[in-house]
Amino acid sequence: MPLKVLFASAEVAPFRKTGGLADVAGALPKALADNGVDVRVVTPFYQGTPTDGTERLDMAVRVPMYFGTRAAGVRRAQLPGTAVPVYLLENDHYYDRPALYGYGDNLERFVFLSRGALELTKVLDWVPDVVHANDWHTALMPVYVNTVEWARPLHGAATVYTIHNLAYQGDEDGGAHFVTALGPEHFNEWEFEHFGRFNPVKAAIRHSTKLSTVSPRYAGEIQTSDFGGGLDGELAARRADLHGILNGIDTTDWDPARDPHIAAHFDRDDLTGKAVCKAALQREAGLAERTDVPLLGVVSRLTPQKGLDILADAFGRMAGWDLQLVLLGAGDPADESRFAALAADHPDRLRCFIGFDNGLAHRIEAGCDFLVIPSRFEPCGLNQMYSMRYGTLPIVRATGGLADSVDNYAGSTGAGTGFVFHDLTVDALVGTVGWALSVWRDRPEHILAMRRRTMVRDWSWHRAGAEYERLYLEAYARRRGHAFRG
Ligand code: ADP
Ligand code: GLC
């Protein structure tokens, strides 16, 4: 019997996506399945989730909520190109809304997902060995598995909780605790209560058999007060069970030799297609079609996390430099209008696309010379890996997974896979961009060698998939008191 893993996430690519969580939830299960794990994915059926390839199952899951039960319809799909089942929980009241997040009843919507996912396993008569929850939306799952009577068949399941981003904790006023339908006795300092507030991530940290986060560097960082979001003490207390596993990327989806979104294909041996992609992107962005100007890109959620305020300031300081910048981003309206205004002032050097556009994200990764990621913190970051796979050299701040995945250019020897700076200051960013551009102009052979080096690195999920499998087996052994026998 293979190991059975229930994998729950608020977003799963290609169904619905706002960021890297979806990419991970859409790709890691494939790697697990390739290794023989019986993994099943659960996520909401949101407005806008494509229905082709989904089949409405003739069943309803009755989800216990604080006010009684509420039914979830179930649609079944598969991760593209695999047999990995994805169960989409359907409830129009909660999920038939334009956005995924940002509603006053978010807690209730994700309680419904968390309890619904567990309840579904009973309806399917499929009892997982491991329940893998991701980020605050499903943080309640390990707590339910441990505590509630209706989850009894699952009491033997080990739980793994992965932190993709500690900036989002789903915390609310203490009074919100009743929405979990766990009794008030669980609102205590050991579980949900954190400085008077309700905090589901704290409870997950306390209740899960094992914890992980998405890079080794971030695993260390979140145990410090600078990055721990107030939970550093909780995480440090469990440091022996907290594993940093660097994400992989979906190398089928992100493949310059086959990508359907880009103007021409290329690989490490023949980069002619990359030049075609650059020209096509310059055209699409309304910038001059020139080979002799470096093209920089940004693909990002616009949130303080990403440090793009520093880039906006730095751009003013680089006003005299011959460069082009294409930015694709959505999020914070203040950032959106700031970049739109900058672009209006510099139409020949900066083009901003505001919105979410997956195809354009691929074209930017493929067509640029450099991708800029000046994050304040970055649990893992996938864009730098996508860019490297497309021979686009990342310029990154040394934090979290950026530090773990980009090696700084070494100057005379030409070693390295990108350009790395440490202090999040305009000076440091301007200096590092200037350094990258001077290498681009004066040492093109180094740039070419770096591109080729980054393109052959193995970014696939196989390594990380194997690490997660080891973690599941450790969690299982801890929970059951004996090794998984299959
Ligand atoms: P995060 O999850 O913090 O946003 P990651 O680098 O892990 O950062 O993942 C971001 C993912 O979202 C990448 O796949 C990236 O291409 C995608 N993305 C971000 N913003 C946009 C956008 N505006 N349009 C299209 N894709 C985007
Ligand atoms: C989060 C993080 C990002 C990470 C992604 C997937 O959104 O911000 O750094 O790559 O999750 O784990």
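Looking at segment 368-486, the helices (runs of 4 or more DSSP H) lying wholly inside it that each contain 3 or more residues that are farther than 23 Å from ARG268 by Cα and more than 23 Å from the chain's Cα centre (by Cα) sit at 426-442, 461-480.
Results for (1) within 15 Å of ligand 1 (Cβ to nearest atom); (2) modelled with pLDDT of 95 or more; (3) crowded, with 24+ Cβ neighbours inside 10 Å, shown as yes or no for each residue.
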| position | (1), (2), (3) |
| --- | --- |
| ALA288 | no, yes, no |
| ASP292 | no, yes, no |
| SER300 | yes, yes, yes |
| LEU308 | yes, yes, yes |
| ALA314 | no, yes, no |
| ALA319 | no, no, no |
| GLN324 | no, yes, no |
| GLY331 | yes, no, no |
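Note on segment 341-359: residues that are part of a helix (DSSP H, G or I), open to solvent by 50 Å² or more (accessible area, probe 1.4 Å) and under 14 Å from VAL298 (Cα atoms) amount to 1. A single entry from LEU88, LEU100 fulfils the requirement of being buried (at least 16 other Cβ atoms within 10 Å of the Cβ), at pLDDT 95 or above, in contact with a Ser or Thr (Cβ under 7 Å, 6 or more places away or on another chain) and part of a loop (DSSP other than H, G, I, E, B): LEU100. Taking segment 265-286 as the range and being open to solvent by 20 Å² or more (accessible area, probe 1.4 Å), closer than 16 Å to MET450 by Cα and touching a residue at least 24 places away in the same chain (Cβ under 8 Å) as the test, the residues that pass are ASP267, ARG268, LEU271.
Among the numbered conditions (1) open to solvent by less than 40 Å² (accessible area, probe 1.4 Å); (2) in a helix (DSSP H, G or I); (3) outside the structural domain of GLU172 (by TED's automatic domain parsing); (4) not small (Gly, Ala, Ser), the only one that ILE262 does not meet is (2). Taking the criterion of being within 18 Å of the chain's Cα centre (by Cα) and open to solvent by 50 Å² or more (accessible area, probe 1.4 Å), the residues of segment 191-228 that qualify are PRO216, ARG217, PHE227. Among the residues in segment 149-162, are any at pLDDT 95 or above, of a type outside the set (Val, Ile, Thr) and open to solvent by 10 Å² or more (accessible area, probe 1.4 Å)? There is no residue in segment 149-162 that is at pLDDT 95 or above, of a type outside the set (Val, Ile, Thr) and open to solvent by 10 Å² or more (accessible area, probe 1.4 Å).
Within segment 347-364, if we keep just the residues that are out of contact with any Gly (no Cβ under 7 Å at 6 or more places or on another chain) and among the charged types (D, E, K, R), the residue that is farthest from TRP440 (Cα to Cα) turns out to be ASP357. Remark: pairs (first residue in segment 163-185, of a type in the set (S, T, N, Q); second residue away from ligand 2 (no atom under 13 Å from the Cβ); Cβ separation under 7 Å; 6+ apart in sequence or on different chains) = GLN169/ASN199; GLN169/VAL201; THR180/VAL111; THR180/LEU140.
Is it fair to say ALA428 is more than 14 Å from ligand 2 (Cβ to nearest atom), hydrophobic (A, V, I, L, M, F, W, C), outside the structural domain of ASN165 (by TED's automatic domain parsing) and open to solvent by 20 Å² or more (accessible area, probe 1.4 Å)? In short, yes. Residues in segment 137-185 that are hydrophobic (A, V, I, L, M, F, W, C), within 16 Å of ligand 2 (Cβ to nearest atom) and touching a strand residue (DSSP E or B) at 6+ places or on another chain (Cβ under 9 Å): ALA139, VAL160, ILE163, LEU166.
Every condition in (1) in contact with a Leu (Cβ under 6 Å, 6 or more places away or on another chain); (2) assigned to a loop (DSSP other than H, G, I, E, B) holds for HIS243 except the one numbered (2).
Is it fair to say GLY381 is small (Gly, Ala, Ser), touching a residue at least 12 places away in the same chain (Cβ under 8 Å) and open to solvent by 10 Å² or more (accessible area, probe 1.4 Å)? Yes, satisfied.
The values are calculated or read from the model by the stated rules, or taken from the named source; none is laboratory data. Predicted model only: the values in this text are computed from it and were never measured. All Cβ positions, even for glycine, are placed from backbone atoms using ideal geometry, and neighbour counts span all protein chains on display. We work out accessible area using only protein heavy atoms, side chains counted, and drop any ligands, DNA or RNA first. Shrake-Rupley method; radii C 1.70, N 1.55, O 1.52, S 1.80 Å.
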